[in-house]
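Engineer: Can you read through this structure? Questions will come right after.
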Amino acid sequence: MERIALISDIHGNIVALETVLSDIRQRGIQRVFCLGDVVGKGPDPDKAVDICRNACEHVMMGNWDAIIVHENPAFPFPKGLGLHAKWHREKLGAERLDYLEHLPGTVDLLMSGRKVRLFHASQQGVYYRVFHNDPIEKHLAMFDNTDFTGYNFTPDVIGYADIHYPYRRLYDGRMLFNIGSVGNPLDKPLACYEILEGNYGSGDIAPFSVSLVRLPYDIDFAVRRAYDSHMPDIEPYEIELRTARYRGLPPNRL
């Protein structure tokens with residue numbers, strides 16, 4: 001049996017990221033996969049990218065990674081994003097931006113006889129959002145193959161990120177789960193990640209599990225880092241970290 005730690009939505013919060021990675025190491029977990037949104041919002045996008053490149057076997061593209069790279073995607077984000085994107089781009093530098101631009105959209109794997117697909121937001125790409133309380137039809141569509149996934153691989157298990165709200169659903173033997181957020185949780189102010197456990201790479205049916213880990217971290221220190229960095233949008237960022245409540249925008253904009 002092997003364990004894989006799934007992390008996502010770090011959003012430049014390296015205080016939370018280092019807390020999570022320390023917990024992963026203490027558990028003796030060797031494989032770490034990141035489901036995207038390494039950057040955006042928080043004060044340390046450069047360090048977050050460097051840490052994830054070193055610690056993660058796979059890093060996938062997230063919507064904020066894409067929006068920072070491309071500056072003006074056709075996706076409505078909060079007012080003032082241009083200044084936000086410019087600040088983050090300058091801090092990241094050309095080499096890290098190139099790295100983010102070429103991140104894959106999905107990772108497919110076999111584990112204990114289950115076909116597992118991992119991506120950031122949905123089967124339709126990083127800008128198409130699926131919430132825990134969406135209709136069952138929208139959840140079931142997550143198991144479809146599309147141009148975005150690009151594989152003839154019908155999954156039994158889907159793990160995704162994006163909404164910063166961990167949950168799981170079972171549909172006739174298939175599992176859909178969200179891994180929550182390391183650095184910007186929006187259900188409770190605790191960093192979170194998931195652990196897959198099973199026989200990695202095996203097509204033979206064997207025990208398989210998905211478990212959620214929640215961790216307290218030093219939010220005061222994370223907030224101080226944000227103010228010391230003089231980054232844009234500090235006040236709404238602080239509110240999100242301390243309260244796990246989104247910054248007053250409709251819940252379809254994270």
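The values are calculated or read from the model by the stated rules, or taken from the named source; none is laboratory data. Since the model is a prediction, treat every value here as computed from it, not as a measurement. Neighbour counts are summed over all protein chains in view; Cβ atoms, including those assigned to glycine, are modelled from backbone coordinates with ideal geometry.
Engineer: So how many residues does segment 187-212 have that are more than 15 Å from R117 (Cα to Cα), under 23 Å from the mean Cα position of the chain (by Cα) and among the aliphatic types (A, V, I, L, M)?
Structural biologist: Residues in segment 187-212 being more than 15 Å from R117 (Cα to Cα), under 23 Å from the mean Cα position of the chain (by Cα) and among the aliphatic types (A, V, I, L, M): 3 in total.
Engineer: Another one. Note down all Cβ pairs under 8 Å where the first residue falls in segment 224-246 and is touching a residue at least 40 places away in the same chain (Cβ under 8 Å) and closer than 17 Å to W87 by Cβ, the second is part of a helix (DSSP H, G or I) and of a type in the set (S, T, Y), and they're at least six residues apart or on different chains.
Structural biologist: Partner pairs satisfying both residue conditions: A226/Y237; M231/Y237.
Engineer: Then there is this: Could you please find all residues in segment 1-35 being basic (K, R) and in a loop (DSSP other than H, G, I, E, B)?
Structural biologist: R27, the sole residue that qualifies.
Engineer: So, in segment 187-225, how many residues would count as being under 24 Å from P43 (Cα atoms), among the charged types (D, E, K, R) and not in a strand (DSSP E or B)?
Structural biologist: So the answer is 6.
Engineer: From V49, V38, grab the single residue that is β-branched (V, I, T), at pLDDT 95 or above, closer than 20 Å to S22 by Cβ and in a helix (DSSP H, G or I).
Structural biologist: Result: V49 is the single residue among V49, V38 that is β-branched (V, I, T), at pLDDT 95 or above, closer than 20 Å to S22 by Cβ and in a helix (DSSP H, G or I).
Engineer: Looking at (1) in a strand (DSSP E or B); (2) surrounded by fewer than 20 Cβ atoms within 10 Å (Cβ to Cβ), which is the one condition that is false for I158?
Structural biologist: (2)
Engineer: In the set D172, D144, D156, which member is without any contact (Cβ under 8 Å) to a residue 24 or more places away in the chain, among the charged types (D, E, K, R) and out of contact with any Ser or Thr (no Cβ under 9 Å at 6 or more places or on another chain)?
Structural biologist: Criteria check complete, one pass: D172.
Engineer: Looking only at segment 140-174, how many residues end up being modelled with pLDDT of 95 or more, within 18 Å of the chain's Cα centre (by Cα) and not basic (K, R)?
Structural biologist: 12
Engineer: Can you name the residue in segment 178-210 that is surrounded by fewer than 15 Cβ atoms within 10 Å (Cβ to Cβ) and of a type in the set (A, V, I, L, M, F, W, C) and, of all such residues, is farthest from D220 (Cα to Cα)?
Structural biologist: Here the residue is I205.
Engineer: Out of curiosity, is A74 surrounded by 13 or more Cβ atoms within 10 Å (Cβ to Cβ), modelled with pLDDT under 95 and not aromatic (F, W, Y)?
Structural biologist: Against the criterion (surrounded by 13 or more Cβ atoms within 10 Å (Cβ to Cβ), modelled with pLDDT under 95 and not aromatic (F, W, Y)), A74 does not qualify.
Engineer: Okay, next question. Here are some residues: V116, V107, V130. Which one is assigned to a strand (DSSP E or B), closer than 17 Å to I179 by Cβ and touching a Lys or Arg at 6+ places or on another chain (Cβ under 8 Å)?
Structural biologist: Result of the check over V116, V107, V130: V107.
Engineer: Scan segment 161-168 and give yes if some residue there is within 27 Å of L241 (Cα to Cα) and of a type in the set (A, V, I, L, M, F, W, C), otherwise no.
Structural biologist: yes
Engineer: Tally the residues that are in contact with a strand residue (DSSP E or B) (Cβ under 8 Å, 6 or more places away or on another chain) and either surrounded by 17 or more Cβ atoms within 10 Å (Cβ to Cβ) or of a type in the set (S, T, N, Q) (or both), restricting the search to segment 211-249.
Structural biologist: 3
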